[in-house]
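Worksheet for the structure shown next.
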Amino acid sequence: RGLIDTPTLQRALIAQQRAVPHRLLGQLLVDAGAFSQAQLNLALSEWLGVKVVDLRLLKPSTDALERLPRAIAEREGVLPLLVRGDTLVAAVPDPWDHVLLDQLRFVSELRIVPVIAVGGTLAPAVARAYSNAPVRAGNTSAPRDTHDLAAELATSGPLPAEGDSAIV
């Protein structure tokens, strides 16, 4: 995409090798000012086919929130958005963190489709969702705004197969 030149990439790769604990290359480049978090998210989204969502505009469904305990959501910085069949769509900080995706799959007992949140919206959305939404048994209807996300996911084709790397 031409966001950085070769010397900038080489410096970031060296910095990544020295970083303890390990840091994601994209985040190192954002921290260095090579590009913005929004540019990184968009590039990753386009390259890998992971949706980017603005959590300021979405309200998670009660069913999704019931599938993931608040303590895990807050600790991991994850926001479950909606349940569709045997799949939970969740905003996660790193959609390629297979350890986290495995944990979410185990806890929710659902397949996971990760999405990326617009920068700076994930932590506030997690706090808002769990503080504003009382857990009610039997309420499976999703709020209107998550329907829009479901419709968008539906128009992007079928969900990846169980063996695909985006779903654990």
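Residues in region 59-95 that are on the phi > 0 side of the Ramachandran plot and without any contact (Cβ under 8 Å) to a residue 24 or more places away in the chain: Gly85 alone.
Which one of Ile72, Ile4, Ile14 is β-branched (Val, Ile, Thr), over 20 Å from the mean Cα position of the chain (by Cα) and either under 23 Å from Val99 (Cα atoms) or open to solvent by 70 Å² or more (accessible area, probe 1.4 Å) (or both)? Exactly one of Ile72, Ile4, Ile14 is β-branched (Val, Ile, Thr), over 20 Å from the mean Cα position of the chain (by Cα) and either under 23 Å from Val99 (Cα atoms) or open to solvent by 70 Å² or more (accessible area, probe 1.4 Å) (or both), namely Ile14.
Based on what the data block shows, is Pro93 of a type outside the set (A, V, I, L, M), part of a loop (DSSP other than H, G, I, E, B), open to solvent by 40 Å² or more (accessible area, probe 1.4 Å) and touching a helix residue (DSSP H, G or I) at 6+ places or on another chain (Cβ under 8 Å)?
Working: of a type outside the set (A, V, I, L, M): yes; part of a loop (DSSP other than H, G, I, E, B): yes; open to solvent by 40 Å² or more (accessible area, probe 1.4 Å): yes; touching a helix residue (DSSP H, G or I) at 6+ places or on another chain (Cβ under 8 Å): yes.
Judged against the criteria, Pro93 is a match.
Total residues in region 60-80 satisfying the condition of being in contact with a helix residue (DSSP H, G or I) (Cβ under 7 Å, 6 or more places away or on another chain) and either within 10 Å of Val126 (Cα to Cα) or outside any loop (DSSP other than H, G, I, E, B) (or both): the figure is 12. The residue list Leu44, Leu55, Leu24 contains one member that is modelled with pLDDT of 90 or more and surrounded by 15 or more Cβ atoms within 10 Å (Cβ to Cβ), which is Leu55.
In the list Ala34, Ala43, which residue meets the criterion of being in contact (Cβ under 8 Å) with a residue 24 or more places away in the chain and not in a loop (DSSP other than H, G, I, E, B)? Explain how you work it out, then say what you get.
Numbers: Ala34 fails: not in a loop (DSSP other than H, G, I, E, B).
The match here is Ala43.
Quick check: is even one residue across region 97-120 outside any strand (DSSP E or B), modelled with pLDDT under 95, of a type in the set (Asp, Glu) and under 15 Å from Lys51 (Cα atoms)? There is no residue in region 97-120 that is outside any strand (DSSP E or B), modelled with pLDDT under 95, of a type in the set (Asp, Glu) and under 15 Å from Lys51 (Cα atoms).
The values are calculated or read from the model by the stated rules, or taken from the named source; none is laboratory data. For clarity, every value in this text was computed on a predicted model and none was experimentally measured. Note that we place each Cβ from the backbone using ideal geometry, even for glycine, and neighbour counts take in every protein chain shown. Just the protein is used for accessible areas: all its heavy atoms, side chains included, with ligands, DNA and RNA removed. Shrake-Rupley method; radii C 1.70, N 1.55, O 1.52, S 1.80 Å.
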